[in-house]
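Have a look at the structure below, then the notes.
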Amino acid sequence: MTRHVVDLDRLTAAAVREGALDGRSVTVLGLARSGVAMARFFVDAGARLTVYDGRSEAELGAAIEALAGRAVELRLGPDVEPSTAWAEADLIATSPSINPDFPTAEPRLRAALAAVVAAHRADPAGAPALVSETDLVLRMCPCPTIGVTGTKGKTTTSSLAAALLAADPAHPVVLGGNIGVPLVERLTDLTAEHRVVIELSELQIPTLSRGTTVAVYTNVTADHLDRHGSLEAYRKVKRRLAELVDPSGALVLNADDPVVAGYASGARAPVITYRLGEPAEFGVGVRDGWIVADGAIGRGRQTPTPVTFEVMPVGELAIPGRHNVANAMAAISVAIYFGIPYEAIRRAAAAFTGVEHRLEQVALIDRVRFVNDSQGTQPDAVIAALRSFPRPLILIAGGRDKGVDLSGLGPVAADRADAAILIGESGPTLAEMFRERGMTRVELSASLEGAVARADEIARGLLAEAGGEGPATVLLSPAAASFDMFVDYAARGHAFKAAVADLRQRRRAVESKR
C-alpha cells in the first residue's frame, strides 16, 4: 500500500484552510476531551477520520454525542486490535495520555504505537506520521506562545498570566493546554496578533518536537513517579521545555527552586528569574512588601538597568499563600516581557481571585471557611496550602497513593492543623503518620460528605473553645490522587463543594425553625 504520509512540517493553519487535509486518512487515538476536539478539527478540515478507544460505545456516549453527527468511523472497545485503526492512515493524532513510553496507555496500544514509531523512523513514507494534540498546536500556531510547567502552581500561574496579558486589547489571549479549551479547535481562528498561554504537564512535554516562545517554570519537586520510575527521569521530562524554548524568546525561572534555577546554565534563550527576595538582574522579586522588577526584562531588552520598578504591593494579591506570591511573580514576568504597563498589571493581578480546585474559597458558614484544594495531590502542594491559613484549621486528606514520599508532610500537618479527617485508600497510612508526628485529633471517614460534616463539627467546637471571631478553616487538600473514589480531582472538588452546599442548606433549615 502506498501511503501519502502527512508532512507535519508543512501543515500550517493556512495550508489546512487551503485544503491540505482534504481526503487524507487520519486516525485519532482516545476519545476524551482532546480526542473529541481533534476529531472535530480533522473532520471539519476535510479528513477521512477513524477514532480508536479501548472503551465501549456505551461508556463513550457523551463523547460520541459531542462529535455532533460528523462522519467518523468508530473503532471502540477492548476487542478491537489498535493497529487496525490506522491500517490506511496518513497521520495518527494522540491525546496527551496516549504515549508509547508511558503506562497511561494500555500495554497493547503502547506496543502497537512503539511499532509505528520504529517503522516511521526506518521508512518515513511507509508508516503514518504521529503527532500529539499539543505538538500539532505548537507546529501550526501563528502567534507567540507561553508554555507554563512545574510540579505545582501551573494552573494558577497560567490563568493569571492569561489574565494579565488580556489587559492589552490589541492582542487577544487564549488559554489552553492542560486546562481550558483544547487549543486544536482554535487553530484556524488564531492570528499573529494573538497570544496563547499553554499549561503543560509531564504527559504533554515528552510529545513535543518544538518549544514555546516563552517557557515558564514554577518548581520541579517530585510527582508522577509511578509513570516515570524515578525522580531523575521526571526531572528530565520537565527540563525538555527549557531545552526546546525559542532562542529568540525567554526562559522564566524560579530562582528559589534549586532544580529550576539550574536550568539557567546553558540556557538557549534569555533568562528572567523571579524570587521571594531582592530581584536579580533581569529579574522580579520582593522588596519592602512590594513586587518589583528590573526594568530590562521587557521583550527585546538585553542590558541591565540601574532602576527597578514597583509593580504592586504583595498585600493586594487576592490569592492566598506565600507560594502564590511566587506564582504571581512568574505571571508578572511574562506580562512585563510582553510590554503590559505596570499599572495594568497591578489592576489585573489584584482582581485575580484564583482558579477552581486550587485554594478555592467555597463558602463561609457560621465563621467556618471551606477551601477546595482538590488539586493538592502531592505533599509540597499540601504543605503550601497548610501554611496559607491560620489556625483553627482542619485538614481533609486521603485518596489513592501516588507513590511519592509523604514523610515531609507529617510534621507540617501536625504543626499547622488542629485535626485531620482522612478518606480513601491512603487514609489509614496518613492517620498513622500524623499520629506519629503528634497530631492528637485524627479520624477516618468512609465518605467525603461525612468528612465535611465532621470537620465542620470540629471547627465549630474549636471556635467555641477559643471564644474568638474566627474564621476556622476546613481545607480539602488530599495529598493523593482521586481515582479510588472519583473519576478525577475535579469530580472530587465538585463533590466537596456539593457537600458544603448541602451543609449550608441544612444549617439554614435549622435556623429557620428557631
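No lab work stands behind these numbers, since they all come straight from the coordinates. None of the values given here were measured: they were computed from a predicted structure. As a convention, Cβ positions derive from the backbone with ideal geometry for all residues, glycine included, and neighbour counts pool all protein chains shown.
Here is how the numbers come out for the structure above:
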| quantity | calculated |
| --- | --- |
| Whole-number D in µm²/s for the stretch 8-134 (Stokes-Einstein; Kirkwood sum over Cα pairs; 25 °C, 0.890 mPa s) | 167 µm²/s |
| Options Leu60, Gly450, Pro206, ranked by Cα towards positive dipole end of the chain, top entry (Cβ charges) | Gly450 |
| Residue order, fewest to most beta carbons within 10 Å, for Thr155, Thr94 | Thr155, Thr94 |
| Ordering of 370-376, 396-402, 126-132, 39-45 by burial proxy (mean other Cβ atoms within 10 Å per residue, highest first) | 370-376, 396-402, 39-45, 126-132 |
| Size descriptor, Kirkwood hydrodynamic radius, that averages inverse alpha-carbon separations across the stretch 356-488, Å | 14.3 Å |
| DSSP bridge orientation in the chain - percent antiparallel, rounded to nearest 5 | 20 percent |
| Nearest-ten-degree value, helix 154-165 long axis tilted from longest Cα axis of the chain | 80 degrees |
| Rounded tilt (10° steps) of 231-244 against the dominant C-alpha axis of the chain | 60 degrees |
| Space enclosed by the convex hull of the alpha-carbon atoms of the chain, per residue, Å³ | 169 Å³ |
| Inter-label distance for Asp168 and Val80, nm, one decimal - labels placed 7 Å from Cα along Cα-to-Cβ | 4.4 nm |
| Leu364/Ser209 FRET efficiency (R0 45 Å; Cβ-Cβ; nearest 0.05) | 0.40 |
| 0 to 90° range, to nearest 10: angle between helix 33-44 axis and the chain longest Cα axis | 30 degrees |
| Segments 383-390, 168-175, 211-218 sorted - mean Cβ within 10 Å per residue, highest first | 211-218, 383-390, 168-175 |
| MRE, 222 nm, helices only [DSSP H, n ≥ 4, -39500 (n - 2.57), over the chain, to nearest 500] | -10500 deg cm²/dmol |
| Residue list for the stretch 346-375, given a label point 7 angstrom along the Cα-to-Cβ vector of Arg391 and an amide N cut-off under 20 Å | 367-371 |
| Sites Ala490 and Ala125 - FRET efficiency at Förster radius 35 Å, r taken between beta-carbons, to 0.05 | 0.25 |
| Reachable lysines from Lys236, criterion Cα separation under 20 angstrom, eight or more residues apart if same chain | Lys152, Lys154, Lys402 |
| Part-to-part distance (alpha-carbon centres) for the stretch 106-128 and the stretch 1-47, which is given in Å | 18 Å |
| Alpha-carbon centroid distance for the pair the stretch 492-514 / the stretch 304-337, whole angstrom | 37 Å |
| Extension reserve of the Ala66-Ala318 stretch, reckoned as 0.36 nm per residue once the Cα distance is removed | 87.1 nm |
| Net charge, Glu356 excluded, C-beta distance under 13 Å - Lys, Arg +1, Asp, Glu -1 | 0 |
| Virtual spin-label span in nm between Arg435 and Ser265, 7 Å along Cα→Cβ | 4.5 nm |
| Cα centroid of the stretch 433-472 to Cα centroid of the stretch 247-294, whole Å | 40 Å |
| Proximal aspartates and glutamates to Lys513, defined as alpha-carbon separation beneath 16 angstrom and excluding residues fewer than eight positions away on the same chain | none |
